[in-house]
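Structure, as structure tokens:
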């Protein structure tokens, strides 16, 4: 694996781990009421999407092993360009339904590619 690809995987892992940490023990109500929490989580999702996009440019085969990677890039674009219309339920739904699979996949890729 190229050093650059490994860097992007580490960036994805770190951002996903931070999302997990920020949201641990929180409810949707906590999330929607706390602008700092929302901002932190959205920023980390932006980093995930940007790192996935960059990884796709340097190693598309590796990127294809990340579940729903195109959706993560699209979600990043929504957060960046559609910031005024971001629905808190969608962001929280990403945490509940996509985050653990992302973290697991990236961990496997890092372990396999040392």
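Brief remarks follow.
- A straight chain from residue 70 to residue 88 at 0.36 nm per residue would run longer than the Cα-Cα distance by 4.4 nm.
- Distance between the pseudo-spin-label points of residue 18 and residue 80 (7 Å out from Cα toward the beta carbon): 1.6 nm.
- Quotient of the Cα radius of gyration of region 58-114 and 2.2 N^0.38 Å, N being its number of residues: 1.29.
- Region 26-98, relative contact order in percent, only Cα pairs under 8 angstrom and at least six apart counted: 36 percent
- Comparing 58, 48, 91 in a Gaussian network model of the chain (Cα springs below 10 Å), the most mobile by mean-square fluctuation is 58.
- Largest mean-square fluctuation among 82, 40, 25, in a Gaussian network model of the chain whose springs join Cα atoms under 10 Å apart, belongs to 25.
- For the pair residue 2 and residue 57, the difference between a 0.36 nm per residue extended length and the Cα-Cα distance amounts to 18.6 nm.
- Top of 56, 104, 24 by mean-square fluctuation, Gaussian network on the chain, Cα under 10 Å: 24
- Reported to the nearest whole Å, the Cα centre-to-centre distance from region 74-110 to region 1-24 is 13.
- Quarter of Cα convex hull surface for the chain, i.e. mean projection, nm²: 6.5 nm²
- Sorted ascending by nearby beta carbons within 10 Å, beginning with the fewest, 21, 53 become 21, 53.
- Folded to 0 to 90 degrees: helix 69-81 orientation relative to the chain principal axis, Cα: 50 degrees
We did not get these values from a lab; they are worked out from the coordinates using the rules stated. Not measured: the values here are computed from a predicted model. Backbone-built Cβ (ideal geometry, glycine too); neighbour counts: all protein chains shown.
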